[in-house]
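The values are calculated or read from the model by the stated rules, or taken from the named source; none is laboratory data. This is a predicted model, so every value here is computed, not measured. Quick reminder, even Gly has a Cβ in these numbers, built from the backbone with ideal geometry, and neighbours come from all protein chains shown.
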Amino acid sequence: MISIKEVNKNFGNTRVLKDISIDIDKGEIFGLVGHSGAGKSTLLRCINGLESYNEGSILINGKEVKNLNPKEIREFRKNLGMIFQHFSLLERLTVYENIALPLKCWGYSKSKIDKKVNELLNLVDLEDKAKNRPKQLSGGQKQRVAIARALTLEPEILLCDEATSALDPKTTKSILELLKDINQKLGITIVVVTHQMEVVKEICSKVAILKGGEVQECGDTEELFLNH
Ligand code: ADP
Ligand code: ADP
């Protein structure tokens with residue numbers, strides 16, 4: 001589903017991604033792990049089309065990301081949900097309105113929006129918070145709202161950028177449980193970018209360990225950790 005082949009990326013004269021080759025299959029929960037500066041965010045931004053790459057190829061559903069035309073980019077973005085460390089919710093909007101926003105932008109009818117938002121509120125177990133604003137929520141609840149918002153346009157892929165890094169261990173566990181649940185119920189492919197090895201051990205079936213812009217190791221999580 002995501003095929004990364006021999007990708008090189010430079011910032012000025014500095015090469016920050018070196019010969020990256022990774023294959024992510026449909027329905028997988030795949031971890032991209034490494035210390036700060038390893039190149040995780042840069043790779044993620046190459047995957048979601050926000051950053052170009054100098055050499056190599058990134059195919060998503062067989063299409064080269066850096067060659068998409070404006071019309072294809074629109075569809076491409078619809079197919080990629082994203083969640084972040086600091087949630088990126090709009091403070092002046094309610095939970096309901098935050099989740100509804102992508103659907104509004106795409107011009108869905110009110111009744112379609114209402115059906116979808118309520119379905120997602122149910123999925124992330126926040127039906128009783130629909131009218132609250134983000135500042136009235138805990139960190140875990142905010143991330144649940146962000147997850148619901150990321151799923152509104154029914155993407156095939158969910159990219160999680162340090163999604164549990166701002167959360168305590170107990171809340172982290174509940175968010176990871178929710179991601180597992182979403183992966184199983186909806187069959188969504190999930191890419192988890194994190195510096196937290198425990199997160200990878202908890203939910204990722206496969207993992208690539210990045211170091212200094214290179215893939216140090218890549219394979220089944222269980223096998224990799226047996227050898228460590
Ligand atoms: P990680 O997400 O693993 O912490 P990054 O992808 O953010 O790593 O960074 C990888 C390397 O690229 C680092 O050395 C960082 O300083 C460098 N880098 C990231 N973004 C830029 C940029 N816009 N311009 C120049 N160098 C950058
Ligand atoms: P409008 O969005 O044009 O103001 P609506 O009657 O659709 O009119 O909704 C008014 C507000 O009520 C919405 O913006 C939303 O915050 C809230 N709302 C609508 N439906 C629900 C719902 N099922 N659960 C919680 N809040 C809702």
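Descriptive notes on the structure:
- Filter result (surrounded by 23 or more Cβ atoms within 10 Å (Cβ to Cβ) and within 23 Å of Met1 (Cα to Cα)) within the stretch 160-178: Cys160, Ala163
- Residue within the stretch 29-40 that is in a helix (DSSP H, G or I) and away from ligand 2 (no atom under 16 Å from the Cβ) present: yes
- Counting only helices (runs of 4 or more DSSP H) wholly contained in the stretch 53-141, the ones carrying 3 or more residues that are out of contact with any Lys or Arg (no Cβ under 9 Å at 6 or more places or on another chain) and at pLDDT 95 or above occupy 110-123.
- Of all residues making up the stretch 197-215, the number that are in contact (Cβ under 8 Å) with a residue 40 or more places away in the chain and not hydrophobic (A, V, I, L, M, F, W, C): 6
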